[in-house]
Amino acid sequence: MGIRAAGSSLAAIMVALLLAAPAASQQGTITGRVVDASSRRPLSAVQVYVLGGNGALTDAQGLYSFSVPAGTHEVVAERIGLGAPSQTVTVAGGATVNVDFSMRPVVISLRDPGIEVTARVDRSERSLVSPPTHAEIATVEQIEVQATTTPTDIVIGMAGVDAIQTGITQSNTVTRGFNNVFSGALLVLTDNRYARVPSLRLNAFNMIPAPTLDVDRVEVFLGPASALYGPNSANGVMHIITSSPIDKPGTTVSVSGGSQSIFQGAFRQNFRFNEK
C-alpha cells in the first residue's frame with residue numbers, strides 16, 4: 001500500500017510539471033536600466049511598463065525587471081519632468097530581453113488646450129480641471145443690502161473668515177487664523193493692486209480708498225491661492241473689485257446708519273464718454 005501511494009504521488013508531481021512547463025514557456029522577462037541622457041547617472045523611481053500590461057519601478061541603480069507574456073510589446077518609461085521614446089520589442093517564451101532608456105528633461109506646458117486658470121470669476125471660462133482653491137464671493141446684490149463702514153465689513157460672517165473689530169472703522173480680518181493683532185498675512189487686493197500699507201506690511205482696511213458704493217464684489221480665497229495670485233498668498237486672498245463706469249453708467253445714492261450715532265451717505269455719478 002505504501003509503495004502504491006508513493007507511486008501515485010510521483011505521477012501527480014510529474015503531470016503537474018508537464019502542465020506547468022508550457023505555461024512557463026509562454027512567459028518572458030523584460031529587464032534593463034534607465035539613466036539620465038546627459039549625466040549618464042541611474043534614475044530611480046521611473047515607471048517602466050508595457051502598454052496594457054504590467055511593469056515595475058527602477059531601483060537606486062536604475063535597474064528594473066518584470067515578466068510579460070510572450071509576444072510583441074511596446075515598452076514605456078515615465079517620470080515627471082523626464083521623457084524618452086517608447087520601444088517596441090518581441091519577447092519569446094522563457095527568454096529575457098534587455099531594454100535600456102536614456103531620459104531627457106521635457107517641457108510641461110501650463111496652457112494645454114481647454115485649461116484656463118484665471119483670477120477673474122465673473123467671466124465664463126472653459127476648464128477641464130477643478131478650481132485650485134475654494135472661494136467665497138460677496139455679490140453686488142448682497143453688498144447693497146448691508147450697511148458697512150469699510151469694504152472689509154462685507155466679508156464678516158463668511159465661512160472661514162475671522163475678524164476682530166478694534167474700532168468703528170478699524171478691524172483685522174484673516175482667513176487662516178491670527179498671527180498677531182496687526183496681521184498682514186492675508187493678501188488684500190483692490191482691482192489687482194496691493195491694498196495694504198507696503199512700508200508696514202499691514203492691512204489697514206479703513207484706509208482703502210474705495211467706498212462700499214463702488215464695490216462690485218469681494219472674492220475671498222480661504223486657502224493658499226498661488227495658482228491664481230502667485231506669491232504672498234499662502235494665508236488666503238481678499239480681492240475687492242470695484243465696478244467700472246463703462247459697464248455701469250448712471251447715478252447711485254446710498255444712505256445708511258447704525259449704532260453709536262453712525263450716519264453716512266454716498267453719492268456716485270458715472271459718465272461714459274466712450275468705450276475706453
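Miscellaneous remarks
- Only one of the numbered conditions (1) of a type in the set (V, I, T); (2) at pLDDT below 60; (3) within 19 Å of I80 (Cα to Cα) is not met by I3, and that is (3).
- All of (1) in a strand (DSSP E or B); (2) under 22 Å from the mean Cα position of the chain (by Cα) hold for Q264 with one exception: (2).
- Close Cβ contacts (under 9 Å, 6 or more residues apart or on different chains) running from residues in segment 45-65 that are closer than 10 Å to G32 by Cβ and open to solvent by less than 70 Å² (accessible area, probe 1.4 Å) to residues that are of a type in the set (K, R) and assigned to a strand (DSSP E or B) comprise T58/R33; T58/R79; G62/R33; Y64/R33.
- Hits in segment 197-252 - residues which are closer than 15 Å to A138 by Cα and β-branched (V, I, T): T212, V215, V218, V220, V237, I240, I241, T242
- The set of residues in segment 195-232 that are hydroxyl-bearing (S, T, Y) and exposed (fewer than 13 other Cβ atoms within 10 Å of the Cβ) contains only S199.
- Any chance N235 is modelled with pLDDT under 80 and either touching a Ser or Thr at 6+ places or on another chain (Cβ under 8 Å) or not polar (S, T, N, Q) (or both): yes
- So F263, is it out of contact with any Lys or Arg (no Cβ under 9 Å at 6 or more places or on another chain) and farther than 27 Å from M158 by Cα: no
- Counting only residues that are at pLDDT 90 or above, of a type in the set (S, T, N, Q) and farther than 14 Å from V89 by Cα, segment 28-72 holds 7 of them.
The values are calculated or read from the model by the stated rules, or taken from the named source; none is laboratory data. Note that the structure is predicted; figures quoted are calculated from it, not measured. All Cβ positions, glycine included, derive from the backbone under ideal geometry; neighbour counts span all protein chains shown. Heavy atoms of the whole protein, side chains included, go into the accessibility calculation; ligands, DNA and RNA do not. Shrake-Rupley method; radii C 1.70, N 1.55, O 1.52, S 1.80 Å.
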